1. Any idea which of (1) open to solvent by 40 Å² or more (accessible area, probe 1.4 Å); (2) of a type in the set (Gly, Ala, Ser); (3) more than 16 Å from ligand 2 (Cβ to nearest atom) is the one ALA115 doesn't satisfy?
2. Taking the stretch 224-250, which residues are more than 12 Å from ligand 1 (Cβ to nearest atom), aliphatic (A, V, I, L, M) and out of contact with any Phe, Trp or Tyr (no Cβ under 9 Å at 6 or more places or on another chain)?
3. Restricting to the stretch 69-107, give me the number of residues that are outside any loop (DSSP other than H, G, I, E, B), over 30 Å from ALA229 (Cα atoms) and of a type outside the set (A, V, I, L, M).
4. Name, by its number, the condition in (1) surrounded by fewer than 24 Cβ atoms within 10 Å (Cβ to Cβ); (2) modelled with pLDDT of 95 or more; (3) within 12 Å of ligand 1 (Cβ to nearest atom); (4) not aliphatic (A, V, I, L, M) that does not hold for ASN136.
5. Within the stretch 275-313, restricting attention to residues that are without any contact (Cβ under 8 Å) to a residue 24 or more places away in the chain and over 19 Å from the mean Cα position of the chain (by Cα), which residue is farthest from ILE124 (Cα to Cα)?
6. Could you list, in sequence order, the residues of the stretch 70-93 that are aliphatic (A, V, I, L, M) and either open to solvent by 50 Å² or more (accessible area, probe 1.4 Å) or more than 20 Å from the chain's Cα centre (by Cα) (or both)?
7. Restricting to the stretch 73-95, count the residues that are at pLDDT 95 or above, of a type in the set (A, V, I, L, M, F, W, C) and near ligand 1 (Cβ under 10 Å from one of its atoms).
Amino acid sequence: MKKPLVVSVTGAAGQIGYSLLPRIASGQVFGPDQPVSLRLIEIEPGMKALAGVVMELNDCAFPLLESIEATSDLDAGFDGANWALLVGSVPRKAGMERKDLLGINGKIFIGQGQAIERNASDDIRVLVVGNPCNTNCLIAMNNARSIPADRWFAMTRLDENRAKSALAEKAGVHNRDITKLAIWGNHSSTLYPDFENALINGDPVSKFIPERAWLEGDFIKNVQQRGAAIIAARGLSSAKSAAHAAIETVQALREATPADDWHSVALASDGSYGVEKGLICSFPTRSKGDGSASIVQGVDLGEFGQAKFQLSVNELLEEKAMVSELLP
Ligand code: NAD
Ligand code: LMR
């Protein structure tokens, strides 16, 4: 038996947690021979519901689930963590932009960053899901400066999956036929799903979808607004698809990326594509399979894509300015 991986999940009694936890405990995320110890973190008002979640996890009798600790104490919650999935935070309601949550959620990530720095394992990897995830990740990372910047990620995989699904439907192909579909920028209504470098069965998207006006218009808008459309339909924000995207993000970071593909995740910019160093921005990335990712170089966004990307980067800079007092 391998040594158990310690996986900390915040907001564990929430909607995403409910979809995410059984999949981690079952071995789908970290592998069929990898035991996991779960540290489930909630705020005090969530602890009663979390006790019920723990009962259900126990009742699944997962062979790979080594132990569960449910806590509202951040030091205990991140103790020895190899992976931290930061989901806990308030979701937006209809009519809000994700950045409207910064005032409520931003400060959560100060204490969490500090507690991760104090308690996590040396090989810690952090994925921020709670919104606005790019800037929340920036806050946590800056409050844990002894942890290398290449360990911090924010989730744009859901946007990638949405974009793939929309393109596949329009082109009359399967999702799996689409590769190199990257999200650039912020997980927000300015994100840019790059249809110009994406491929369908190895060919440019334009071969299957010649209608450039649709690609530049409804396609981008629908991906940008998909989260809001789900809130309008469900009265709650996406959870099953969000949990699935979190799982795929972790898997993509832990597996070597095929040479003919890339995946989307927001990570600390190294200055690539003119993006300010340290800003948590989504790029096309590749992983070697060691829990890290590097930004794919030399992708030509073209004039249209570059202008869209710049709008999203500008928004990230605005968000950073909004939380400047949270960044030591
Ligand atoms: P939810 O309200 O169902 O659950 C959130 C949970 O977090 C609650 O149980 C709450 O008690 C807990 N919580 C709040 N503050 C906390 C803190 N300081 N520490 C620990 N736990 C805390 O919400 P949800 O639907 O699970 O969504 C969670 C977050 O994920 C939201 O911010 C949402 O907008 C975001 N989200 C992001 C993406 C993405 O693609 N990045 C996708 C979907 C949702
Ligand atoms: C999503 O994209 O579904 C999430 O970020 C939730 C939201 O507020 O849209």
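1. The failed condition is (1).
2. ALA229, ALA232, ALA233, ILE247
3. Within the stretch 69-107, the subset outside any loop (DSSP other than H, G, I, E, B) is 69-71, 74-77, 83-86, 98-105.
The next check asks that each one be over 30 Å from ALA229 (Cα atoms); those that pass are 69-71, 74-77, 83.
Now drop any that are not of a type outside the set (A, V, I, L, M), which leaves 69, 71, 75, 77, 83.
Here the count works out to 5.
4. (1)
5. GLU303
6. Scanning the stretch 70-93 gives ALA70, LEU74, ALA76, VAL90.
7. Within the stretch 73-95, residues that are at pLDDT 95 or above, of a type in the set (A, V, I, L, M, F, W, C) and near ligand 1 (Cβ under 10 Å from one of its atoms) number 3.
Here's the yes/no breakdown for (1) more than 27 Å from ASP100 (Cα to Cα); (2) surrounded by fewer than 18 Cβ atoms within 10 Å (Cβ to Cβ); (3) among the hydroxyl-bearing types (Ser, Thr, Tyr):
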| residue | (1), (2), (3) |
| --- | --- |
| SER269 | no, no, yes |
| ILE280 | no, no, no |
| PRO284 | no, no, no |
| ILE295 | yes, no, no |
| VAL323 | no, no, no |
| LEU327 | no, yes, no |
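The values are calculated or read from the model by the stated rules, or taken from the named source; none is laboratory data. These figures come from a predicted structure and were not determined experimentally. Virtual Cβ from ideal backbone geometry, glycine too; neighbours counted across all protein chains shown. Just the protein is used for accessible areas: all its heavy atoms, side chains included, with ligands, DNA and RNA removed. Shrake-Rupley method; radii C 1.70, N 1.55, O 1.52, S 1.80 Å.
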